[in-house]
1. Considering only the stretch 459-479, how many residues are under 18 Å from residue 272 (Cβ atoms) and hydrophobic (A, V, I, L, M, F, W, C)?
2. Residues of the stretch 69-96 being assigned to a helix (DSSP H, G or I), buried (at least 20 other Cβ atoms within 10 Å of the Cβ) and either aliphatic (A, V, I, L, M) or in contact with a Gly (Cβ under 7 Å, 6 or more places away or on another chain) (or both), which ones?
3. Does residue 367 meet the test of being over 30 Å from residue 531 (Cβ atoms), without any contact (Cβ under 8 Å) to a residue 60 or more places away in the chain and out of contact with any strand residue (DSSP E or B) (no Cβ under 6 Å at 6 or more places or on another chain)?
4. If the requirement is being open to solvent by 10 Å² or more (accessible area, probe 1.4 Å), of a type outside the set (Val, Ile, Thr) and either in contact with a His (Cβ under 7 Å, 6 or more places away or on another chain) or at pLDDT 90 or above (or both), which of these qualifies: 492, 479?
5. Return yes when residue 154 is under 23 Å from residue 417 (Cα atoms) and either modelled with pLDDT of 85 or more or over 21 Å from the mean Cα position of the chain (by Cα) (or both) and no when it is not.
6. Find the residue count for the stretch 196-254, including only residues that are at pLDDT below 85, in a strand (DSSP E or B) and open to solvent by 30 Å² or more (accessible area, probe 1.4 Å).
7. Considering only residues that are open to solvent by 20 Å² or more (accessible area, probe 1.4 Å) and over 13 Å from residue 88 (Cβ atoms), which ones fall in the stretch 131-140?
8. Starting from the stretch 88-103, keep only residues that are farther than 12 Å from residue 133 by Cβ, then list their pairs with residues that are of a type in the set (A, V, I, L, M) whose Cβ atoms are within a distance under 6 Å, requiring at least 6 positions of separation or different chains.
Amino acid sequence: MTELEETRAQQRNPESLSPLELKNRLIQRAGEHDRTARHARRRAEEMPDAGRGTPDRTALPAREAFFLLGRFAVGEVRKAWNEGAALGGGPREEGIAERFGLFLDENTGEPGADLFRRIMRTVPEPHADAVVHELVGGVIGDEHPVPDRMPPFCERSVRAYLERTIGGRSPWEGCDLVATEGGTAAVCSVLDSLRANRLLRRGDRIALMAPVFTPSRQIPRLERYPFEVTGVSASRGIESGFRTWAYDDSEIDKLADPSIRLLCLVNPSDPPSVRLSDRALERIAGIVDNHNRDLVIVTDDVYGASAEGSTSLMEAAPRNTIGVHSFPSYVGAAGRRTGVIALHPDNTVDEQIARLGPQDARALEERYSPITSDVPGLKFIDRMAADGRSVAPGHTAGPSTPQQVQMALFALFDTASDASGYRRPAKEVLIRRLAALSEGLGVELPRDPLRAGDCVELDLLHWAGRTWGEDFARWLQAEYAPADPVLRLAEEEGVAVLNGDGSDGPEWSVRVPLAVLDHEASARVGRALRSICEEYHRRYTGGAAAC
């Protein structure tokens, strides 16, 4: 049996090969398909890797400002204590804003200077020294974050970005934030702290809205999270032969069962990148109010910046929702590991901790007493920060301060810019790529006001049945493995995409991340998928044996 045949055989048993392992095999297979080793290596290196979902766009001004700030900061610590060429001191706060203003004057025209001028115009003069000192100390990274959760100006900047970007009625206003190393780490942190605080226990039921991309799907199934998972599946709605990834009321109503303690979701979804409708939001909020008042909701709104009119469950069900947001998708910062967890001060988690019995309360008193003498008054969001460092060394909690400064600059860049500078061009790129994919497929994908556009998921089996008949779709399902189209894409077109089974989507769906694939690659994927399905149909009508 060849490696390709083995991979196809494994895909008939979805549990035998993980989606990311499949992606690695796709890249390897595409490289090996070339005739020479040198060409194989080059093709593998150049092959669009859409399996990891890392966007190809990069927001430049925030990075330029970060490096310009670094130049100023190095000069400040050299002035503070100069004991030779290699030794400096800590930055001095008094007068630092004025010195920074002079530095910007001396570097007029340098990349990042204009953004910093716009930022500083929003800072009240009495606070200017404290703000610049926080940013300078942060980019130098010579101290732990203070407060532990997040430095104050960084927290205010990211909160303002969330208020502007996700939900037109400021669902994030007044929230407490804690910085994390990206969205996946944030979800793990929430689950870890819910377990540590006795709100989730072994065998508890949790719900997971699907489709959801592989890491989010796998986290609740890890050994350290021994939960019973109930799926809430988006499958309703077909237009032009493609799913609209909406949720039936009957699926959402599963959440009314009080034995379901936690709901995890990505909104807009990943991979379809479709936001929850107002109807779905209202139904979930109604269930919380009337049937499952202790339900804790963890919503990852990573694609919220790309979706027009996106509304978070932070607004629809504020007391019950823990918000997660990360920056990689929007500004191209997967390597920066920047994200936050948000929680309203009035929330069900703190209320449920206060209702715990005496035995649990004593256990938590022992756990958190190294960092506070008032454990009952310790908010859950501060417990999460402490839990990230096993509590005792809690003063060292949080991501590095340079990461947090860069995250604040991402946020400040967006809030200090109009839509034409970055947001609108980024959205237009996705629209053009979707059009290229649709043209390649030879169909017009339906317009959907709920679609963010970072990714689409195509249900090929449904499309094939609609195009060539249900008998053909049943034959295709019997003769080929669900991963066969993506294997052929890798072999024939040199593009690695994943099938949707790994995201709890339909087995024969294909995840096409438009934020990753450029215009030509999107068109190639569309043409290739059409060609592959046409070949299947020729084999069906010609009676050729499946290979």
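The values are calculated or read from the model by the stated rules, or taken from the named source; none is laboratory data. From a predicted model like this one, the values you see are computed outputs, not experimental measurements. Here Cβ is always computed from backbone atoms with ideal geometry, including for glycine, and neighbour counts include all displayed protein chains. These area figures cover heavy atoms from the full protein model, side chains too; ligands, DNA and RNA do not enter into them. Shrake-Rupley method; radii C 1.70, N 1.55, O 1.52, S 1.80 Å.
1. 3
2. 69, 73, 96
3. no
4. The conditions single out 479.
5. Spelling it out, residue 154 is indeed under 23 Å from residue 417 (Cα atoms) and either modelled with pLDDT of 85 or more or over 21 Å from the mean Cα position of the chain (by Cα) (or both).
6. 6
7. Answer for the stretch 131-140, where residues must be open to solvent by 20 Å² or more (accessible area, probe 1.4 Å) and over 13 Å from residue 88 (Cβ atoms): 133, 134, 139.
8. 88/77; 89/77; 89/80
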